[in-house]
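The values are calculated or read from the model by the stated rules, or taken from the named source; none is laboratory data. Since the structure is predicted, the reported quantities are computational estimates derived from the model, not experimental observations. Cβ sites come from the backbone with ideal geometry, for glycine too, and all protein chains shown count toward neighbours. Calculation scope for accessible area: heavy atoms of the full protein, side chains included, ligands and nucleic acids excluded. Shrake-Rupley method; radii C 1.70, N 1.55, O 1.52, S 1.80 Å.
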Amino acid sequence: MKINKITGFMLGNAAHAPENGDKWCDYDTDVYICADLDCAKQILAESHKNTMGPAVVWTTIYRVKANDINCNKIQNNIIWTNQPTKIIVDAPVYYSAPKQITNAEILSKAAHVLPQYSKLINNAYSEENVR
């Protein structure tokens, strides 16, 4: 399906921080555009929850515009396209840095988990010795 004019929101981070007026991407690949700001904020917040794994952590939401863009799929306020070279960055509209965990918080969590872990390991070795 072709969309004549679209304004939406896309997510970026330090690895992808386009300037106003830039194409979203210099090559065509699958990307998605959030139809509204609330949808983009939900995706950004979700990316901040899982900062221990290899998942992408978004920090910035950009308002984008495109003309005559092919849409592959629309689902849950997300528009999928394989033509990011037609998407133009209008402006950054929201920024949220991921929460940085302090050394004190790490130590506190470790102090809470260590006794449970120790008990688990000790029980595992005790059962092994009984057999």
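Results, tabulated for the structure shown:
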| item | result |
| --- | --- |
| Longest to shortest principal axis, alpha-carbon extents of the chain, angstrom | 72, 34, 25 |
| Cys with no candidate disulfide partner in the chain (beta-carbon separation under 4.7 Å rule) | 25, 71 |
| Relative contact order for segment 1-119, counting Cα pairs under 8 Å that sit 6 or more residues apart, in percent | 35 percent |
| Virtual spin-label span in nm between residue 85 and residue 116, 7 Å along Cα→Cβ | 5.2 nm |
| Accessible surface of segment 1-94 [probe 1.4 Å, protein heavy atoms]: carbon and sulfur percent | 48 percent |
| Per residue accessible area of the chain, 1.4 Å probe, in Å² | 70 Å² |
| Within the chain: Cβ-based charge dipole about Cα centre, in debye rounded to nearest 20 (Lys, Arg +1; Asp, Glu -1) | 200 debye |
| Where 58, 80, 24 fall by accessible area, highest first, once all protein chains stay in place (1.4 Å) | 80, 58, 24 |
| Label-point separation in nm, residue 77 to residue 101, each point 7 Å along Cα→Cβ | 2.9 nm |
| Karplus (6.51, -1.76, 1.60) ³J(HN,Hα), θ = phi - 60°, over segment 33-38, in Hz, Gly and Pro reported as x | 10, 7, 6, 9, 5, 4 |
| Selected from 118, 47, 108 as most flexible by GNM, with the chain as the system and alpha-carbon contacts under 10 Å | 118 |
| Accessible surface ranking that places the most exposed of 81, 7 first, with a 1.4 angstrom probe | 7, 81 |
| Candidates 62, 27, 94, ranked by Gaussian network fluctuation over the chain, Cα under 10 Å, top entry | 27 |
